[in-house]
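Comments concern the structure below.
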Amino acid sequence: MNDTMKYNCGMYGGSFNPLHLGHIRCIIEAANQCRILIIVLSHGTNRNEIDVRVRYRWLYTLTKHLPNIRLFVMSDDAGTKSAYTEDYWEEDAAKVKKFAGEKIDAVFCGSDYDENSFWGKCYPDAQLIIIQRNGISSTQIRNDIYAHWDWIPQTVRPYFVKKVLLIGGESTGKSTLSINLAEYYNTNYLEEVGRDISERSGTDTMMLPGDFTDILLEHKMREKQAAALSNKILFEDTDCLITLFFLGFLEGKDKERNADLAAAISQLNSYDLILFLEPDVEFVQDGDRSEIIAADRSKYSEEIKAIYRKYDFKFQTVSGSYQERFLKATELVDKMIAKERQL
């Protein structure tokens with residue numbers, strides 16, 4: 001054993017539902033003291049927990065720089081954590097000891113446990129080390145995620161980010177409202193990906209089929225990147241179904257292929273709130289907007305709505321002046337946040 005290590009083989013376990021900064025402190029302190037540290041991820045097959053693969057990814061991402069850590073998933077069928085009693089303890093401790101393959105001489109746990117817990121009783125030959133977590137609790141986070149946002153690691157936050165999509169026809173104020181909402185809620189936004197790509201030939205009338213493919217794929221990738229940097233909410237300016245709408249103005253086999261791709265991506269998408277902006281503000285021609293759409297804005301707005309209904313996306317309509325749109329949008333976003341905090 002390395003002379004700087006106090007223990008040979010230690011273990012630290014939990015459900016990590018979700019993983020928080022208190023867990024990270026425990027992991028770091030335990031890893032600093034052990035030649036080998038086994039992190040046990042408890043998975044309740046009959047409990048309403050975050051997907052075990054998601055929690056495993058969090059643990060791996062945050063510990064992969066520590067070569068002395070080994071991850072072990074341990075499943076049980078207890079219906080609740082309180083039902084996880086001594087009937088499970090000895091059997092599960094045996095699984096951990098078998099995985100370790102050597103004597104466990106240190107068991108680490110957070111200060112929400114004591115020597116009378118599972119950790120203290122099932123490893124009588126190991127020293128129990130209780131690490132202070134400064135009151136950080138997974139239960140409190142689950143009860144009000146937004147109130148405890150600072151307890152959630154950056155790697156974990158994207159899982160809880162709420163996505164708000166803004167859709168509608170051209171010149172309905174989507175881009176401006178997306179930016180305004182992002183600034184008001186102190187977060188970021190995903191701008192319309194198609195705007196820059198549509199100008200590769202200097203005009204959207206000369207777009208190539210591959211441009212639409214790039215728009216569809218690029219948007220999905222940028223969404224993931226933006227969510228990783230968002231503060232509780234991500235605002236998105238259009239999505240793949242808006243691209244599908246514009247594909248309706250094209251002809252040829254490539255149109256069908258891109259339409260199939262747009263439909264497939266839509267099945268991967270989910271939003272916590274969709275705002276449809278009605279075409280009741282002045283149409284502003286910025287040089288690239290369709291005069292065909294401008295000539296009958298109501299007709300094409302209804303076509304967009306029909307596409308979202310076809311793919312089973314529910315939306316809230318926002319209309320009126322720019323001031324009325326902002327007030328309505330913030331009202332709906334605030335309701336979404338309040339509902340989340342009541343879950």
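Odds and ends about this structure:
- Across segment 61-69, computed HN-Hα scalar couplings (Karplus, 6.51 cos²θ - 1.76 cosθ + 1.60, θ = phi - 60°) run 4, 8, 10, 5, 7, 9, x, 8, 9 Hz from first to last residue, x flagging Gly and Pro.
- Cα long-axis angle, helix 21-33 against the chain (0 to 90 degrees, to the nearest 10): 40
- Counting only DSSP beta bridges with both residues in segment 15-125, the antiparallel share comes to about 0 percent.
- Per residue, the average separation of C-alpha pairs within less than 8 Å and at least 6 apart gives segment 78-208 a relative contact order of 12 percent.
- In degrees, nearest ten, helix 86-100 long axis to first principal axis of the chain (Cα): 90
- Anchor K121: lysines whose Cα lies under 22 Å away (excluding residues fewer than 8 positions away in-chain): K6, K81, K95, K97, K98, K103
- Residue with peak Gaussian network fluctuation, the chain [Cα springs, cutoff 10 Å], from I167, I145, I28: I28
- Relative contact order (%) - segment 130-282, alpha-carbon pairs under 8 angstrom, separation at least six: 36
- The phi-based Karplus calculation (6.51 cos²θ - 1.76 cosθ + 1.60; θ = phi - 60°) puts the 3J(HN,Hα) values of segment 228-242 at 5, 10, 8, 9, 6, 9, 10, 9, 10, 9, 6, 8, 5, 6, 5 Hz, whole numbers, x for Gly and Pro.
- Overall form of segment 184-343 per C-alpha gyration tensor (a/c, 1.5; a/b vs b/c): prolate
- Max mean-square fluctuation residue, GNM over the chain, Cα-Cα springs under 10 Å, options Q267, Q225, Q316: Q267
- Judged by the gyration tensor of its Cα atoms, with axes a ≥ b ≥ c, segment 245-322 is oblate; a/c meets the 1.5 cut and b/c is at least as large as a/b.
- Apportionment of accessible area to carbon and sulfur, the chain, percent (1.4 Å): 49
- Accessible surface of T80 - all protein chains present, 1.4 Å probe, nearest 10 Å²: 70
- Rolling a 1.4 Å probe across the protein heavy atoms gives the chain an accessible surface of 51 Å² per residue.
- In this structure, the amide hydrogen of L234, modeled 1.01 Å from its nitrogen in the peptide plane, lies closer than 5 angstrom to those of K162, K163, V164, counting only residues at least 5 positions away or on a different chain.
- For K314, the lysines whose Cα comes closer than 28 Å to its Cα, not counting residues fewer than 8 places off in the same chain, are K162, K163, K174, K220, K224, K232, K255, K299, K305, K328, K335, K339.
- Among [x] 1.98; [y] 1.27; [z] 0.97, the entry that matches Cα Rg over 2.2 N^0.38 Å as calculated here: [y]
- Cα-projected label distance for T80 with K121, points at 7 Å along beta-carbon direction, nm: 1.8
- Residues of type aspartates and glutamates that K253 reaches as a straight line, Cα spacing below 15 Å, ignoring anything fewer than 8 places off in the same chain: D211
- For segment 157-202 and segment 22-46, distance of Cα centres in Å: 39
- Taking amide hydrogens as placed 1.01 Å from N in the peptide plane, the amide H of H43 sits under 5 Å from those of M74, S75, D76, each at least 5 positions away in sequence or on another chain.
- Judged by the ratio a/c of the largest to the smallest principal axis of the C-alpha gyration tensor, segment 9-100 counts as oblate, that ratio being 1.5 or greater while a/b is no larger than b/c.
- Per-residue HN-Hα couplings for segment 173-189 [Karplus 6.51, -1.76, 1.60; θ = phi - 60°; Hz; x = Gly/Pro]: x, 4, 5, 5, 5, 4, 5, 4, 5, 4, 5, 5, 8, 6, 9, 10, 9
- Here the relative contact order of the chain, from alpha carbon pairs under 8 Å that lie six or more residues apart, stands at 16 percent.
The values are calculated or read from the model by the stated rules, or taken from the named source; none is laboratory data. These numbers come from a predicted model, not from an experiment. With ideal geometry, Cβ positions are generated from the backbone for all residues, glycine too; neighbour counts draw on all protein chains shown. Ligands, DNA and RNA are excluded from the accessible area calculation, which covers all protein heavy atoms including side chains. Shrake-Rupley method; radii C 1.70, N 1.55, O 1.52, S 1.80 Å.
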